[in-house]
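Everything on this sheet refers to the single structure shown next.
No value in this document is a laboratory result; all are computed from the given coordinates. Note that this is a predicted model, so its numbers are computed, not measured. Note that we place each Cβ from the backbone using ideal geometry, even for glycine, and neighbour counts take in every protein chain shown.
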Amino acid sequence: MTGCCARAILHRIEAKVGFGSLVVEADQFAAVACWEPPGVVRRNHDVEELEELAKERPIYATFIRDIEAAKNECLGEGQKCWQLSLMARDPLRTSKGAVRAIIEPFVERSKEERVPIWCVAGNERARDVYAYFGFEVVKVIYSGEERVKTWCMGWKKRRGKTRPDT
């Protein structure tokens with residue numbers, strides 16, 4: 001990761017924490033996640049905001065519009081939710097259970113609060129990890145000319161029981 005990219009990510013995380021997001025880690029940063037509580041998750045962009053964003057970043061504006069539409073389809077318009085906005089695992093660490101330690105407590109909290117969880121997976125490995133913990137793909141978004149895949153995933157109470165059954 002370049003210094004510029006790392007600084008941008010750090011700035012984004014600092015902003016999220018400033019608004020009330022939680023950064024959690026396990027086993028001395030073998031795994032880390034950024035969780036946005038229900039009261040912190042940003043409202044959807046309105047049409048004017050997306051049009052303004054599209055002037056400089058058209059592919060990103062379309063991506064945001066599609067992600068927000070998928071979230072509304074899955075959870076319902078304006079539904080408060082927990083949002084897993086970043087999750088990373090150190091590939092050089094061999095410790096077991098680090099990812100479980102940063103995901104399962106929030107799944108349990110979501111169950112207790114009866115609030116769904118939303119996340120977006122940017123690659124197949126992340127999609128598979130989230131699926132292992134009970135998240136379901138609700139929509140696949142294709143971005144740009146390269147048609148880069150992004151998996152929109154939700155975890156919520158369905159048919160009278162809460163998922164996952166762990």
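What number of residues in the stretch 28-87 are among the hydrophobic types (A, V, I, L, M, F, W, C), more than 25 Å from residue 99 (Cβ to Cβ) and either out of contact with any strand residue (DSSP E or B) (no Cβ under 7 Å at 6 or more places or on another chain) or surrounded by 15 or more Cβ atoms within 10 Å (Cβ to Cβ) (or both)? Please lay out each step first, then the result.
Step one: of the stretch 28-87, the residues among the hydrophobic types (A, V, I, L, M, F, W, C) are 29-35, 40-41, 47, 50, 53-54, 59, 61, 63-64, 67, 69-70, 74-75, 81-82, 84, 86-87.
Narrowing further to those that are more than 25 Å from residue 99 (Cβ to Cβ): 47, 50, 53-54, 59, 61, 63-64, 69.
Next, only the ones that are either out of contact with any strand residue (DSSP E or B) (no Cβ under 7 Å at 6 or more places or on another chain) or surrounded by 15 or more Cβ atoms within 10 Å (Cβ to Cβ) (or both) stay: 47, 50, 53-54, 61, 63-64, 69.
Number satisfying all stated conditions: 8.
Taking the stretch 76-132 as the range and being more than 17 Å from residue 25 (Cα to Cα) and assigned to a loop (DSSP other than H, G, I, E, B) as the test, the residues that pass are 76, 77, 78, 79, 80, 81, 114, 115, 116, 122, 123. Just wondering, is there one or more residues in the stretch 26-39 that are under 22 Å from residue 133 (Cα atoms) and of a type in the set (D, E, K, R)? Yes: one or more hits.
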